[in-house]
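Below: the structure, in structure tokens.
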Amino acid sequence: GVCAIFFVIGEIMFLIPVVPGIAVYLGSGVLIPPTCAASLDGGFEAGSGEGDEMSDRGFFLSVALAALLAYVMKIVAHVLQQKLFGEMMSGNVGIRAMVGVNSDAIKAIRIILSKPGLSLAKVSILCGGPDWPTSVLCGILKLNCCSLCVGLTPMFLLVFPTTVAGAFQLRSGTGGAWASIATVMLVICSLVQLGAGVLAAYFIEDARKNSKEQLARYEDDTQVA
């Protein structure tokens, strides 16, 4: 029940442009383990999983559940953002002009994201870009949603350490290295996110400069022009 409620609330958070995805991932790590650890372990009364009452087995199972839930929420959120916002706004000339659909940079993004399967360039843009603008842009460009979901599969490399960081903060009060591990996980997530963003900028610029023929195949939006 808690997972279902958090799923709905988390998706609403994803649909708010100013809310970053990291807030949802951290929230999953903070909320799910204390609620679900006892039930997953089967050794304690449900709902009592806090502090030293939470077994290691139940805790790690619930962290895995929290990370999986956050990952699924990210994929579903991308579909909702692309379909509900991006594709609906794609018919508005003002929005398309604001996005700059006739610019070489946006055409370069279209070239990269239109390629089927997985590529480092595609993954860098989808996973390194900000959640809401990236997904909505995909809808405005009317890109294939299934192909983009495939490109989002490595997002687990960002979701997992962030969720673990939130969960490990729960055990920081019991001593040991829990707080330190949580900090390390956040640092890893930040470095991966930063690296993906830098790679995305590189691949977009590379496509803009070295894919002139492909860029020329995309005719300018006459209404925007």
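A few notes on this one:
- FRET efficiency for the pair Val8 and Leu194, taken as 1/(1 + (r/R0)^6) with r the Cβ-Cβ distance and R0 = 25 Å, rounds to 0.20.
- Simple spin-label estimate for Lys209 and Ser119 gives 1.7 nm between the two label positions (7 Å along the Cα-to-Cβ direction from each Cα).
- Computed on the Cα atoms alone, the convex hull of the stretch 141-225 gives a volume of 134 cubic angstrom per residue.
- Cross-link partners for Lys74 among the lysines, with Cα-Cα distance under 22 Å and sequence neighbours closer than 8 places in the same chain left out: Lys83, Lys115, Lys122, Lys142.
- Normalised contact order of the chain, rounded percent, pairs of Cα under 8 Å and 6 or more residues apart: 26 percent
- A Stokes-Einstein calculation at 10 °C with viscosity 1.306 mPa s, built on the Kirkwood radius of the stretch 67-225 over Cα pairs, returns a diffusion coefficient of 94 µm²/s.
- Within straight-line cross-link reach of Lys212, lysines at Cα separation under 16 Å, skipping those fewer than 8 residues along the same chain: Lys107
- Across the stretch 53-117, the volume of the C-alpha convex hull divided among the residues equals 139 Å³ per residue.
- Ellipticity at 222 nm from helices only: DSSP H runs of n ≥ 4 in the chain, each -39500 (n - 2.57), divided by the residue count, give -22500 deg cm²/dmol.
- Compactness ratio for the stretch 109-149: Cα radius of gyration over 2.2 N^0.38 Å (N = residue count) comes to 1.00.
- Sulfur and carbon atoms: percent of accessible area, the stretch 138-225 [1.4 Å]: 62 percent
- Karplus-based coupling profile of the stretch 34-39, in residue order and whole Hz: x, 7, 9, 4, 5, 5, with θ = phi - 60° in 6.51 cos²θ - 1.76 cosθ + 1.60 and x standing for Gly or Pro.
- Each peptide in 201-213, 61-73 receives the mean, over its residues, of other Cβ atoms within 10 Å, and ordering these scores from highest gives 61-73, 201-213.
- Excluding ligands, DNA and RNA, the accessible surface per residue across the chain is 49 Å² with a 1.4 Å probe.
The values are calculated or read from the model by the stated rules, or taken from the named source; none is laboratory data. As the structure is a prediction and not an experimental result, all values here were calculated from the model. Note that we place each Cβ from the backbone using ideal geometry, even for glycine, and neighbour counts take in every protein chain shown. Accessible surface areas use protein heavy atoms only, side chains included; no ligands, DNA or RNA. Shrake-Rupley method; radii C 1.70, N 1.55, O 1.52, S 1.80 Å.
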